[in-house]
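Undergrad: A single structure is presented below for examination.
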Amino acid sequence: MKRLFDPESPFWQAVARCADLVIINLLTIAFSLPLITVGAAFTALNDCCWRLYDEQGGSVVRMYWRSFKDNCVPSTVLWFIAAVPLAVLAWVWIYVDASELVVLKALLSICYLTVFPYLWMVQARFENSVGNTVKNAVLMSVARLPYSLGIMLLYVGMGVLIALVTWQLPQALPPLVLLGVALPAYGSIPLFIRSLAPWLMQESDHNSEPSPR
């Protein structure tokens, strides 16, 4: 019984971690509301989840804000770049009603969703120009495809889970909504650590691309 109320017990550690993820998720939603800042919000989300997983400690609010502020400009440019194919894909799915193109549309969507998380993680973890960040995100996601697909499935799985719960068990929806995008982002960190390992192990060299933060 005494261990149950021990703040260092696994139970309370898990509760504290869930509380941190709820805060990160709410911050991501709030900072994404202007729409133009979606990229910076996702970069801060990934950076914050990485640091949380790495047990770096400190206030998640301060951690999130610092990352958002430091990455705001390049992440906003990245978002403009990423939004173009996203808009095209959305238009194709909504307005191009051709059954023979379903497989092609699905493949293009999978390719986009595989690269998308890498944009913000590469921006969060490496110092680079916007152009090189896009190039490296594409190359890394392809070179480490099994991990990339796993990361994509975490995000897609969360979306499917929320849709199913909304349809079948709406009373269980609030916890999922509160954890939202922060849960798959945090869950993907072990995959990102393995995926980016060859680049993270490189020495921090200003002449090499990318160079770790």
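Undergrad: Those residues that are open to solvent by 100 Å² or more (accessible area, probe 1.4 Å) and either under 19 Å from Trp120 (Cβ atoms) or touching a residue at least 60 places away in the same chain (Cβ under 8 Å) (or both), I need them from the range 71-96; list them, please. Before the answer, list the steps.
TA: At the first step, the residues of the range 71-96 found to be open to solvent by 100 Å² or more (accessible area, probe 1.4 Å) are 73, 80, 91, 93-95.
Within the range 71-96, Val73, Phe80 meet the criteria.
Undergrad: Is one or more of the residues making up the range 122-134 more than 17 Å from the chain's Cα centre (by Cα), modelled with pLDDT under 95 and closer than 21 Å to Ile193 by Cβ?
TA: So far as the range 122-134 goes, yes, one or more of its residues are more than 17 Å from the chain's Cα centre (by Cα), modelled with pLDDT under 95 and closer than 21 Å to Ile193 by Cβ.
Undergrad: Identify the residue in the range 57-70 that is of a type outside the set (A, V, I, L, M) and open to solvent by less than 90 Å² (accessible area, probe 1.4 Å) and, among all such residues, is nearest to Ala14 (Cα to Cα). Outline the logic, then answer.
TA: The initial filter retains those residues of the range 57-70 that are of a type outside the set (A, V, I, L, M), namely 57-59, 62, 64-70.
In the following step, the residues that additionally are open to solvent by less than 90 Å² (accessible area, probe 1.4 Å) were identified as 57-59, 64, 67-68.
Details: Gly57: 15, Gly58: 17, Ser59: 17, Tyr64: 20, Ser67: 24, Phe68: 26 Å.
Here the answer is Gly57.
Undergrad: Still on this structure, please answer the following. Is it fair to say Lys2 is modelled with pLDDT of 95 or more, of a type in the set (Lys, Arg) and on the phi < 0 side of the Ramachandran plot? Before the answer, list the steps.
TA: Numbers: modelled with pLDDT of 95 or more: no; of a type in the set (Lys, Arg): yes; on the phi < 0 side of the Ramachandran plot: yes.
In short, no.
Undergrad: What are the pairs, 6+ residues apart or on separate chains, where a residue within the range 29-51 that is under 15 Å from Pro74 (Cα atoms) has its Cβ under 9 Å from a residue that is of a type in the set (Lys, Arg) and modelled with pLDDT of 95 or more?
TA: The qualifying pairs are Ala40/Lys69; Ala44/Arg66; Ala44/Lys69; Asp47/Arg66.
Undergrad: Val103 fails exactly one of the following numbered conditions: (1) surrounded by 13 or more Cβ atoms within 10 Å (Cβ to Cβ); (2) free of Cβ contacts under 8 Å to residues at least 40 places away in the same chain; (3) of a type in the set (A, V, I, L, M). What is the number of that condition?
TA: Exception for Val103: condition (1).
Undergrad: Looking for whichever is in contact with a Leu (Cβ under 8 Å, 6 or more places away or on another chain), farther than 20 Å from Phe192 by Cα and among the polar types (S, T, N, Q) here; the options are Ser59, Ser109, Ser99, Ser32. Which one fits? Before the answer, list the steps.
TA: Values: Ser59 fails: in contact with a Leu (Cβ under 8 Å, 6 or more places away or on another chain); Ser99 fails: in contact with a Leu (Cβ under 8 Å, 6 or more places away or on another chain); Ser32 fails: in contact with a Leu (Cβ under 8 Å, 6 or more places away or on another chain).
Selected residue: Ser109, the only one of Ser59, Ser109, Ser99, Ser32 that is in contact with a Leu (Cβ under 8 Å, 6 or more places away or on another chain), farther than 20 Å from Phe192 by Cα and among the polar types (S, T, N, Q).
Undergrad: Identify all residues within the range 124-135 that are surrounded by fewer than 21 Cβ atoms within 10 Å (Cβ to Cβ) and either of a type in the set (S, T, N, Q) or over 26 Å from Phe68 (Cβ atoms) (or both); write none if there are none.
TA: Here is the first cut: in the range 124-135, the ones surrounded by fewer than 21 Cβ atoms within 10 Å (Cβ to Cβ) are 125, 127-132, 134-135.
Selection gives Asn128, Ser129, Asn132.
Undergrad: If I filter the range 63-84 for residues that are among the β-branched types (Val, Ile, Thr), at pLDDT 95 or above and closer than 25 Å to Leu176 by Cβ, do I get at least one hit? Working first, answer last.
TA: Here is the first cut: in the range 63-84, the ones among the β-branched types (Val, Ile, Thr) are 73, 76-77, 81, 84.
Okay, now just the ones that are also at pLDDT 95 or above, so 73, 76-77, 81, 84.
Pick out the ones that are also closer than 25 Å to Leu176 by Cβ and you get none.
No, every residue in the range 63-84 fails to be among the β-branched types (Val, Ile, Thr), at pLDDT 95 or above and closer than 25 Å to Leu176 by Cβ.
Undergrad: Let me ask something else. Take Gln202 and decide whether it is at pLDDT below 95, of a type in the set (S, T, N, Q) and within 29 Å of Asp20 (Cα to Cα). Outline the logic, then answer.
TA: Values: at pLDDT below 95: yes; of a type in the set (S, T, N, Q): yes; within 29 Å of Asp20 (Cα to Cα): no.
The answer is no for Gln202.
Undergrad: Would you confirm whether any residue within the range 16-26 is at pLDDT 95 or above and open to solvent by 80 Å² or more (accessible area, probe 1.4 Å)?
TA: Yes, the range 16-26 has at least one match.
Undergrad: Just checking, does the range 7-14 include any residue being open to solvent by 20 Å² or more (accessible area, probe 1.4 Å), at pLDDT 90 or above and not charged (D, E, K, R)? Break it down stepwise before answering.
TA: Within the range 7-14, the subset open to solvent by 20 Å² or more (accessible area, probe 1.4 Å) is 7-8, 10-14.
Filter once more, keeping what is at pLDDT 90 or above: none.
No, the conditions are met nowhere in the range 7-14.
Undergrad: With the condition kept exactly as written, say whether any residue in the range 107-115 is open to solvent by less than 50 Å² (accessible area, probe 1.4 Å), aromatic (Phe, Trp, Tyr), touching a residue at least 12 places away in the same chain (Cβ under 8 Å) and farther than 17 Å from Cys49 by Cα. Spell out the reasoning first.
TA: Taking the range 107-115 and keeping what is open to solvent by less than 50 Å² (accessible area, probe 1.4 Å), we get 109, 112, 114-115.
This time we only want the ones that are aromatic (Phe, Trp, Tyr), so: 112.
Right, trim to touching a residue at least 12 places away in the same chain (Cβ under 8 Å) and you get 112.
Now narrow it down to the ones that are farther than 17 Å from Cys49 by Cα: 112.
So far as the range 107-115 goes, yes, one or more of its residues are open to solvent by less than 50 Å² (accessible area, probe 1.4 Å), aromatic (Phe, Trp, Tyr), touching a residue at least 12 places away in the same chain (Cβ under 8 Å) and farther than 17 Å from Cys49 by Cα.
The values are calculated or read from the model by the stated rules, or taken from the named source; none is laboratory data. Since the structure is predicted, the reported quantities are computational estimates derived from the model, not experimental observations. All Cβ positions, glycine included, derive from the backbone under ideal geometry; neighbour counts span all protein chains shown. Calculation scope for accessible area: heavy atoms of the full protein, side chains included, ligands and nucleic acids excluded. Shrake-Rupley method; radii C 1.70, N 1.55, O 1.52, S 1.80 Å.
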